[in-house]
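The values are calculated or read from the model by the stated rules, or taken from the named source; none is laboratory data. Just so we're clear, the structure is a prediction, and the values are computed from it rather than from any experiment. Quick reminder, even Gly has a Cβ in these numbers, built from the backbone with ideal geometry, and neighbours come from all protein chains shown. Surface areas here come from the heavy atoms of the whole protein model, side chains and all, with no ligands, DNA or RNA. Shrake-Rupley method; radii C 1.70, N 1.55, O 1.52, S 1.80 Å.
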Amino acid sequence: DQQVKQNSPSLSVQEGRISILNCDYTNSMFDYFLWYKKYPAEGPTFLISISSIKDKNEDGRFTVFLNKSAKHLSLHIVPSQPGDSAVYFCAATDGDNLFFGTGTRLTVIP
Amino acid sequence: NAGVTQTPKFQVLKTGQSMTLQCAQDMNHEYMSWYRQDPGMGLRLIHYSVGAGITDQGEVPNGYNVSRSTTEDFPLRLLSAAPSQTSVYFCASSYSGTVTYEQYFGPGTRLTVT
């Protein structure tokens, strides 16, 4: 059973606008959350993370929000750029294992 | 720094054959792991190691063996390949002995079992 879910397989956004990628999880023992970005024929690369003791973490154009009561996190990209087009994976850990979502393919249209 | 390297990039096996996927890192990372990526399933952890001589099972370990004799290398062995093992395999490493820190992934090995 998938413990980390990304219910939107794909998302298209105009260049310059905001991209919002969503992720839900079921395990209340998860205490750290990460986002990875993946280009075709490459391995995933780490993007941004957040601890369960925080509700927001920002790094340049990327912001991750965590809502523990809803078991939901989201990644905001502002402004979106064509180079952001990739598959984005949400991941969560309980300290032992890292569980990934199924990914959301983001396409930023110039 | 080459980072995390994986060989081969592509492999086709017949059912029942065995093979070893190679993974090496030159960042002196203690933690290394293997994942498989399947359509609609995301990445799933197969095995991991928190240091030389120490390995443990992840979410989907059946049909795979690992060993960690050096800090740099973490090979993944398929004992008797099955079509269900057709997948893209990624090796990853990180500074910490836990998974909480960012992991560096290799470029992947695409395996097809016929």
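Considering only alpha-carbon pairs that sit under 8 angstrom and 6 or more positions apart, the relative contact order computed for chain A is 38 percent. Return the lysines within reach of A:K71: Cα separation strictly under 19 angstrom, same-chain partners fewer than 8 residues apart disregarded; answer none if there are no such residues. Partners within reach: A:K5, A:K54, A:K56.
Taking B:G40, B:G51, B:G16 in turn, the Gaussian network model of chain B (Cα-Cα springs below 10 Å) assigns the largest fluctuation to B:G40. Beta bridges assigned by DSSP with both partners in the protein assembly as shown are antiparallel in approximately 90 percent of cases. Once C-alpha pairs closer than 8 Å and six or more residues apart are averaged by separation and normalised to the residue number of chain B, the relative contact order reads 36 percent. In the complete set of protein chains, residue-level accessible area for A:I53 is approximately 150 Å², probe 1.4 angstrom.
A simple spin-label model places pseudo-atoms 7 Å from Cα toward Cβ; at B:T86 and B:I54 they are separated by 3.8 nm. If only the Cβ of Lys and Arg carry +1 and only the Cβ of Asp and Glu carry -1, the dipole of chain B around its Cα centre is close to 460 debye. Once backbone amide H atoms are built at 1.01 Å from N, B:M19 has B:L78 as its partners under 5 Å, excluding neighbours fewer than 5 places away on the same chain. Counting charges near B:V4 (Lys, Arg +1; Asp, Glu -1) among other residues having Cβ under 12 Å from its Cβ returns a value of -4.
With a ≥ b ≥ c taken as the square roots of the eigenvalues of the C-alpha gyration tensor of the stretch B:18-114, please select rounded if a/c is under 1.5 and otherwise prolate if a/b is larger than b/c or oblate if it is not? Taking the square roots of the gyration eigenvalues as a ≥ b ≥ c, the stretch B:18-114 is prolate. Between A:R61 and A:S12, the contour length at 0.36 nm per residue exceeds the Cα-Cα span by 15.9 nm. In a Gaussian network model over chain B where Cα atoms closer than 10 Å are linked, find which of B:T86, B:T70, B:T55 has the largest mean-square fluctuation. Most flexible of the set in this elastic network: B:T70. Between B:V12 and B:R77, the modelled labels are 2.7 nm apart [label points 7 Å from Cα along Cα→Cβ].
Shown for the stretch B:52-114: the carbon plus sulfur share of the solvent-accessible area, taken with all protein chains present and a 1.4 angstrom probe, equals 49%. Summarising the strand pairing of chain B, around 90 percent of its internal DSSP beta bridges are antiparallel.
Largest GNM mean-square fluctuation across B:M32, B:M19, B:M41, computed for chain B with C-alpha springs under 10 Å, falls on B:M41. Since only B:M27, B:F105, B:V60 are under comparison, the one whose Cα sits farthest along the positive direction of the charge dipole of chain B, derived from C-beta charges on Lys, Arg, Asp and Glu, is B:V60.
Pairs exceeding 28 Å between alpha-carbon atoms, taken from A:K68/B:K9; A:K37/A:K68; A:K37/B:K14: A:K68/B:K9; A:K37/B:K14. A DSSP coil position with no more than 10 other Cβ atoms inside 10 Å describes none of the trypsin sites (Lys or Arg not before Pro) in the stretch A:32-99. Between the beta carbons of B:T20 and A:T45, assuming R0 = 30 Å, the FRET efficiency works out to 0.70 to the nearest 0.05. Sequentially through the stretch B:45-56, phi angles give Karplus couplings (6.51, -1.76, 1.60; θ = phi - 60°) of 6, 9, 9, 8, 9, 9, x, 4, x, 10, 9, 8 Hz, Gly and Pro residues having no value and appearing as x.
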